[in-house]
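Colleague: What follows is a structure written as structure tokens; I'll ask about it next.
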Amino acid sequence: MTTVTIVAAIGAITAIAVIFGTDVLAGVVLRSVYAEVDERTLVQVVGRGHRYGDRRLPVVGISSVVLTAATGVLSAFWGAPAAAVLAVAALACLLIWLALFARISKPINAALTAAALNGTVPEDARALQDRWESIIPLRATLQGLALVLLCLALVVR
């Protein structure tokens with residue numbers, strides 16, 4: 001495994017860790033906080049949070065996917081097949097996470113952001129948030145697994 005492959009893996013691990021940490025925070029802390037506030041507060045806080053997250057976190061998420069793919073390709077190219085397989089498995093986790101985000105989380109983010117900015121409270125605000133939170137354990141698991149797989153890719157070289 002070359003230095004460039006190791007740098008790509010470390011970059012991917014770092015980017016994944018940001019998204020993993022965000023998902024874990026949502027599941028472990030914010031979920032309980034949101035359960036204790038009224039719907040207007042929920043919409044304002046969650047909607048505005050998604051407004052910034054959806055603007056700022058895509059660079060990190062895209063970087064994690066690109067660098068993970070690069071780690072797999074470079075590992076294969078430089079004769080580290082076990083590392084390549086682990087990186088490809090990590091990439092699969094990230095792509096599943098991305099599909100879940102695009103199909104479930106992103107539309108809810110958009111609805112709650114629009115409501116917050118318009119000062120409205122959708123009748124189904126709590127149901128939207130419950131749906132969003134329902135996949136957080138799976139999202140965090142996928143990110144965590146991708147982290148472990150890439151760490152193992154560095155070890156097996």
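Colleague: Note down the relative contact order for the stretch 3-156 as a percent, whole number, built from C-alpha pairs under 8 angstrom at least six residues apart.
Modeller: 41 percent
Colleague: So what are the radius of gyration and Dmax for the Cα set of the chain, in Å?
Modeller: Cα only, the chain: 17.7, 57 Å (Rg, Dmax).
Colleague: Another question, if that's okay. Using all alpha carbons of the stretch 27-116, what is the percent of pairwise distances in each 5 Å bin, ordered from the shortest bin to the longest?
Modeller: The calculated distribution, bin by bin, is 3, 13, 16, 18, 14, 11, 9, 7, 5, 3, 1, 0.
Colleague: Something else now. Cα atoms only, the stretch 31-84: Rg and Dmax in Å?
Modeller: Considering the stretch 31-84 through its Cα atoms, Rg and Dmax are 19.2, 56 Å.
Colleague: For the chain, find the longest principal axis of its Cα atoms and tell me its angle to the long axis of helix 106-118, 0 to 90°, nearest 10.
Modeller: Long axis of 106-118 versus the principal axis of the chain: about 40 degrees.
Colleague: Calculate one ³J(HN,Hα) per residue across the stretch 2-19 by plugging θ = phi - 60° into the Karplus curve 6.51 cos²θ - 1.76 cosθ + 1.60, and present them in order as whole Hz with x for glycine and proline.
Modeller: So the Karplus estimates, Gly and Pro as x, are 8, 4, 5, 5, 5, 5, 4, 5, 5, x, 5, 4, 5, 5, 4, 4, 5, 5 Hz.
Colleague: Kindly rank 73-86, 50-63, 33-46 from highest to lowest mean number of other beta carbons found within 10 Å of each residue.
Modeller: The peptides rank, most packed first, as 73-86, 33-46, 50-63.
Read-outs: derived from the displayed coordinates by stated rules, not from any lab. Predicted model, so just to flag it, every value in this text is computed and none were measured. Note: ideal-geometry Cβ built from the backbone for every residue, glycine included; neighbour counts use all protein chains shown.
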